[in-house]
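Reading through the structure tokens given below for one structure.
Here, each number is a calculation from the coordinates, and none is a lab measurement. For clarity, every value in this text was computed on a predicted model and none was experimentally measured. Cβ atoms come from the backbone with ideal geometry, glycine included; neighbour counts cover every protein chain shown.
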Amino acid sequence: MRTEKRLKARDTRISAFVSVMRGCDHHCTYCVVPNTRGKEDSRPLEEIVEECRILVGEGAREITLLGQNIDSYGKRLQPRRRSLAELLYAVAAIDGLWRLRFITSHPSDLRPELFSAFADLPNLMPYLHFPAQSGSDSVLARMRRGYTHARYMELVAAARNAVPDIGLAGDTIVGFCGETEADYQQTLELHRNTQYQTSFIFMYSEREFTPAITQGLADDVSPEDKKRRCHELMDLQREWSKQINQQRVGQVVQVLGEGESKRNPQRQEGRNPQNQIVIAESGRDLRGELYNVKIERATNAALYGTLV
Ligand code: SF4
């Protein structure tokens with residue numbers, strides 16, 4: 001939910017975001033969504049395709065399809081069930097759509113067969129937002145996520161096998177009810193082995209009307225431990241993100257321009273297919289254009305280079 005809010009802030013004419021469903025059928029114990037938005041309700045496929053077609057007609061070149069648990073898109077649609085793969089193929093076929101993305105994937109519902117869509121559809125970008133939330137099986141069970149650390153890693157391996165250059169992003173909650181130091185070490189191990197390009201890390205805090213509250217799961221990790229684990233994981237993730245970004249140095253990457261950089265108007269900002277931010281000097285506005293940049297240096301947050 002937080003990711004959706006962040007991305008909406010980026011909604012521009014060039015890069016548009018389209019909700020494909022509301023609600024969620026999962027009951028993760030820390031989450032209010034099933035309570036506030038109800039059960040999954042998918043929009044008809046044709047209606048979504050039509051909205052995307054209109055957006056492309058108005059100038060959108062990139063569309064991100066949004067769903068709390070997008071892998072289960074369409075399962076209750078009538079007169080027949082639809083799938084995320086069907087939706088991706090239909091939207092990707094829109095003339096003039098350069099880039100297509102989808103978020104957020106749930107490890108219980110993601111089907112490895114979906115990865116063939118990345119090979120078939122040149123405008124489906126190699127990026128997967130794939131939250132694990134924890135690396136500890138006992139915490140995952142208390143969160144009611146419906147998978148184990150091992151299953152998550154199998155899916156990461158399947159994604160990397162099918163799409164070797166895929167950009168992976170994760171979400172992690174530290175300090176969930178009953179999380180021990182050993183549980184937290186499992187989360188560190190999952191991060192270390194997954195090598196997320198980016199990861200959004202949160203400290204657990206109680207939310208009204210969540211199953212954690214109604215079932216009496218005690219918020220028993222001390223604020224100090226939560227803070228320490230969160231800061232340590234964030235620091236490590238910054239280091240890993242920097243290393244992953246630095247692997248791009250020397251490569252030429254294709255960028256969809258989003259306009260001048262907020263920090264320096266002499267520079268243009270955009271994103272590569274893996275959704276990494278790319279910054280390059282340019283004498284003109286490159287918003288809405290596809291251009292190539294040779295990467296010369298990288299930080300944990302962005303790639304920097306020269307137009308080629
Ligand atoms: S999958 Fe879990 S965390 Fe995500 S919206 Fe559904 S209940 Fe919430």
**Request:** Taking every Cα atom in the chain, find the radius of gyration and the maximum pairwise distance Dmax, and write them in Å.
**Result:** 19.7, 59
**Distance between modelled label sites at Asp25 and Arg151, nm, 7 Å Cα→Cβ extension** = 1.5
**Request:** For segment 187-235 and segment 39-66, write down the distance between their C-alpha centroids in whole Å.
**Result:** 33
**Complete:** Final fewest-first order of Glu260, Glu154 on the 10 Å Cβ neighbour count is Glu154, Glu260
**Prompt:** Taking the chain as a Gaussian network, where each spring joins two C-alpha atoms under 10 Å apart, which residue of Arg43, Arg81, Arg287 fluctuates the most?
**Reply:** Arg81
**Prompt:** Among Gln78, Gln197, Gln276, whose mean-square fluctuation peaks in a Gaussian network model of the chain (Cα, cutoff 10 Å)?
**Reply:** Gln78
**Item:** Antiparallel DSSP beta bridges within segment 1-125, as percent of all bridges there, nearest 5
**Value:** 15
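Compare the peptides 240-246, 102-108, 209-215, 171-177 by average per-residue count of other Cβ atoms within 10 angstrom and give them in order, highest first.
Numbers: 240-246: 17.6, 102-108: 21.0, 209-215: 15.4, 171-177: 23.6.
My ranking of the peptides, most packed first, is 171-177, 102-108, 240-246, 209-215.
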**Asked** Roughly speaking, what is the centre-to-centre gap between segment 146-183 and segment 250-308 when only Cα atoms are used, to the nearest Å?
**Response** 29
**Prompt:** What does a probe at Glu46 reach in segment 59-80, counting residues whose amide N is under 16 Å from the point 7 Å along Cα→Cβ?
**Reply:** 77-80
**Request:** Give the total of Lys-Lys pairs in the chain with Cα-Cα distances below 30 Å; include a pair only if its members are 8 or more places apart or on different chains.
**Result:** 19
**Asked** For a label point 7 angstrom out from the Cα of Arg13 toward its Cβ, which stretches of segment 249-272 have the backbone nitrogen within less than 14 Å?
**Response** 258-259
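Is the C-alpha gyration tensor of segment 252-307 telling us rounded, prolate or oblate? Criteria: a/c under 1.5 is rounded; beyond that, a/b larger than b/c is prolate, otherwise oblate. All intermediate terms of the calculation are to be shown ahead of the outcome.
Details: a/c = 1.42, a/b = 1.17, b/c = 1.21.
Here segment 252-307 falls in the rounded category.
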**Asked** Taking springs between alpha-carbon atoms closer than 10 angstrom, which of Asn264, Asn272, Asn69 fluctuates most in the Gaussian network model of the chain?
**Response** Asn264
**Message:** Going by amide H atoms built from the backbone, whose H comes under 5 Å of the H on Met21, apart from near neighbours?
**Reply:** Arg43
**Message:** 5 Å is the cut-off here: which amide hydrogens, built 1.01 Å from N in the peptide plane, fall below it relative to Phe200, excluding neighbours closer than 5 in sequence?
**Reply:** Gly170, Asp171, Thr172
**Message:** With θ taken as phi - 60° and the coefficients 6.51, -1.76 and 1.60, list the Karplus ³J(HN,Hα) couplings across segment 188-196 in order, rounded to whole Hz; mark glycine and proline as x.
**Reply:** 4, 5, 4, 4, 4, 7, 7, 6, 5
**Request:** Return the sequence-ordered ³J(HN,Hα) values of segment 82-94 in whole Hz as given by the Karplus equation 6.51 cos²θ - 1.76 cosθ + 1.60 applied to θ = phi - 60°, using x for Gly and Pro.
**Result:** 10, 10, 4, 4, 4, 5, 4, 4, 5, 6, 4, 7, 5
